Amino acid sequence: MLKRGKIISEDKEICDLCGLPKELCVCSDLSADEQEVVISNQTRKWGKVVTLISFKGKIDANLDDLLTKAKKKLGAGGTLRGSNTIEIRGDHRFRIKKFLIEQGYDKNKIRIE
């Protein structure tokens, strides 16, 4: 099969953005560099604190997978609010920042409020 001037086998899938095979694709890492992340706290009913992680800009990352990993790493519950906000129960602002840096997000584009 010929795609983009390269011969590839039928069983390999090629990423449309970077042109690499799907198993070597770096697009999710690149999308992490193109967005700004704002981490903040809110107080809910009865004084319960939640940490909100808001993604601004181009969002190509799978927030469901990111939420699952964050909940396991922090040992806390959480949910996806809307299409670009993750809510984690408890005050985890600094631990979330460290977690996001481990996931490939640029530390200069993560802001804690």
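The values are calculated or read from the model by the stated rules, or taken from the named source; none is laboratory data. Model, not experiment: these values are computed from the prediction. Cβ sites come from the backbone with ideal geometry, for glycine too, and all protein chains shown count toward neighbours.
The residue list Ala76, Ala70 contains one member that is assigned to a loop (DSSP other than H, G, I, E, B), among the small types (Gly, Ala, Ser) and modelled with pLDDT of 70 or more, which is Ala76. Summed over segment 57-84, the residues that are surrounded by fewer than 16 Cβ atoms within 10 Å (Cβ to Cβ), of a type outside the set (D, E, K, R) and touching a helix residue (DSSP H, G or I) at 6+ places or on another chain (Cβ under 7 Å) give a count of 2. Pairs only if they're at least six apart or on different chains, beta carbon under 7 angstrom, first in segment 43-58 and on the phi < 0 side of the Ramachandran plot and outside any strand (DSSP E or B), second modelled with pLDDT of 95 or more and buried (at least 17 other Cβ atoms within 10 Å of the Cβ); list them, first residue then second. Listed pairs, sorted by first residue: Arg44/Val50. Report yes if some residue within segment 48-56 is more than 30 Å from Glu13 (Cα to Cα), aromatic (Phe, Trp, Tyr) and at pLDDT below 95; otherwise report no. The answer is no, given that none of the residues of segment 48-56 is more than 30 Å from Glu13 (Cα to Cα), aromatic (Phe, Trp, Tyr) and at pLDDT below 95.
Scanning segment 85-112 for residues that are at pLDDT below 90, surrounded by fewer than 17 Cβ atoms within 10 Å (Cβ to Cβ) and in a loop (DSSP other than H, G, I, E, B) yields Gln103, Gly104, Asp106. Inspect all residues belonging to segment 12-26 and state whether any of them is crowded, with 16+ Cβ neighbours inside 10 Å, in a loop (DSSP other than H, G, I, E, B) and at pLDDT below 90. Taking every residue of segment 12-26 in turn, at least one turns out to be crowded, with 16+ Cβ neighbours inside 10 Å, in a loop (DSSP other than H, G, I, E, B) and at pLDDT below 90. The set of residues in segment 90-113 that are under 13 Å from Ile39 (Cα atoms), in contact (Cβ under 8 Å) with a residue 24 or more places away in the chain and not aromatic (Phe, Trp, Tyr) comprises Gly90, Asp91, His92, Arg93, Ile96, Lys97, Leu100, Lys109, Ile110, Arg111, Ile112, Glu113. Annotation for segment 30-37: at least one member residue is of a type in the set (S, T, N, Q), in contact with a Lys or Arg (Cβ under 7 Å, 6 or more places away or on another chain) and either more than 19 Å from Glu113 (Cβ to Cβ) or at pLDDT 95 or above (or both).
Within the span defined as segment 70-84, every residue fails to be under 12 Å from the mean Cα position of the chain (by Cα), closer than 30 Å to Leu20 by Cβ and of a type in the set (Lys, Arg).
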